[in-house]
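The values are calculated or read from the model by the stated rules, or taken from the named source; none is laboratory data. Please read all numbers here as calculations on a predicted model, not as lab measurements. Cβ sites come from the backbone with ideal geometry, for glycine too, and all protein chains shown count toward neighbours. The accessibility values were calculated without ligands, DNA or RNA, using every heavy atom of the protein model including side chains. Shrake-Rupley method; radii C 1.70, N 1.55, O 1.52, S 1.80 Å.
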Amino acid sequence: MTGTTTTPTPGPTLKPMVSIAGVHKFFGEHHVLKGIDMTVKAGEVSVIIGPSGSGKSTLLRCINLLETISAGRIHVHDELIGFKDVNGKLHDLSSKAIAGQRREIGMVFQRFNLFPHMTALQNVIEAPTQVKHQSKAAAKLKALELLEMVGLSDRANFYPAQLSGGQQQRVAIARALAMEPELMLFDEPTSALDPELVGDVLEVMKDLAKSGMTMIVVTHEIGFAREVGDTLTFMDAGVVVESGNPRDIIANPQHHRTKEFLSRVL
Ligand code: ADP
Ligand code: MG
């Protein structure tokens, strides 16, 4: 031992939950991710910002295995979720392993994607009963707890069309949490909302962050990034331009592209 001591810090632990190394993604000839490196530790909130078309959604979709990567490596927990070796041979997980991985990752999209013919409660219990084979009674108990957590206990029996966009988005968050994910991905969860509905959704996300959930959040809400983010990553044209402490980057962006982007959204 060298005699150096480390002081335990509160908050996120040091275990990486997501580790992304040299990830490339092509859609045909279109090179969309150009060597992305990123690490998200367990319990951390990692915020990603960047102009439209910079590859943010594609990156989230690769983490959630909705897309396969063209090169590089992504680990979630300790699981490798697909990579290409030096000979260019793609190593994919079996479909069973992919399903297992995906079950541990919750995703919330810009559009709420609720099942329109199901009530809020039915939306939340669908995956736990169908995929995890939980009993309806147990799933319902848990779902009511989650709906309470997102402030919608009194809307359990409403259909999506009877809910505001912000309420639908909070149901979508409850639905993702019902699978007890270890990682939550948010892809511009408030971008489609009327401004007065944004706050309630961000509040739920903030509570979730406080509860210790590991989260990757793509958003243009710079206030959320500053207040809740442990790290901020600025992406542009398929590369990470700048990454670090959100407060530092927002107050003092190093790269001219980050400066220009922030001046447009702040
Ligand atoms: P962002 O979320 O930052 O706006 P995206 O990841 O959605 O960016 O898109 C990055 C680029 O990849 C865009 O040019 C987009 O048109 C392209 N793209 C995304 N998905 C597909 C796809 N399935 N097929 C072809 N091109 C795609
Ligand atoms: Mg997007």
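The strands (runs of 3 or more DSSP E) located wholly in region 16-56 that include 3 or more residues which are within 16 Å of ligand 2 (Cβ to nearest atom) and at pLDDT 95 or above occupy 30-41, 45-49. Residues in region 22-58 that are more than 24 Å from Val265 (Cα to Cα) and hydrophobic (A, V, I, L, M, F, W, C): Val23, Phe26, Phe27, Val40, Ala42.
With the structure loaded, tell me whether Gly72 is at pLDDT below 95, outside any loop (DSSP other than H, G, I, E, B) and away from ligand 2 (no atom under 16 Å from the Cβ) or whether it fails that test. Quick ask: steps written out before the conclusion?
Working: at pLDDT below 95: yes; outside any loop (DSSP other than H, G, I, E, B): yes; away from ligand 2 (no atom under 16 Å from the Cβ): yes.
So Gly72 passes the test.
Restricting region 187-198 to residues that are closer than 23 Å to Phe261 by Cβ and assigned to a helix (DSSP H, G or I), the residue that is most open to solvent (accessible area, probe 1.4 Å) is Pro195. Assess whether Val239 counts as being among the β-branched types (Val, Ile, Thr) and either open to solvent by less than 40 Å² (accessible area, probe 1.4 Å) or more than 16 Å from ligand 1 (Cβ to nearest atom) (or both). No: the conditions fail for Val239.
Residue pairs whose Cβ atoms lie under 7 Å apart, sitting 6 or more positions apart in sequence or on different chains, and linking a residue in region 99-117 that is free of Cβ contacts under 8 Å to residues at least 40 places away in the same chain to a partner that is open to solvent by 70 Å² or more (accessible area, probe 1.4 Å), are Gln101/Glu79. Within region 126-137, identify whether any single residue is surrounded by 20 or more Cβ atoms within 10 Å (Cβ to Cβ) and more than 21 Å from the chain's Cα centre (by Cα), and answer yes or no. No, there is no match, as no residue in region 126-137 is surrounded by 20 or more Cβ atoms within 10 Å (Cβ to Cβ) and more than 21 Å from the chain's Cα centre (by Cα). Of all the criteria given as (1) at pLDDT 90 or above; (2) over 28 Å from Ala209 (Cα atoms), the one not satisfied by Lys89 is (1).
Pairs meeting the criteria (first residue in region 200-216 and in a loop (DSSP other than H, G, I, E, B) and of a type in the set (S, T, N, Q), second residue at pLDDT below 95 and buried (at least 19 other Cβ atoms within 10 Å of the Cβ), beta carbons under 7 Å, at least 6 apart or on different chains) are lacking.
Quick one: in region 217-250, which of the residues that are assigned to a helix (DSSP H, G or I) and acidic (Asp, Glu) is nearest to Leu183 (Cα to Cα)? If you could, list the steps in order and put the result at the bottom.
First pass over region 217-250, keeping only residues assigned to a helix (DSSP H, G or I): 222-228, 246-250.
Next cut, acidic (Asp, Glu) only: 227, 248.
Details: Glu227: 20, Asp248: 25 Å.
Among them, the one singled out is Glu227.
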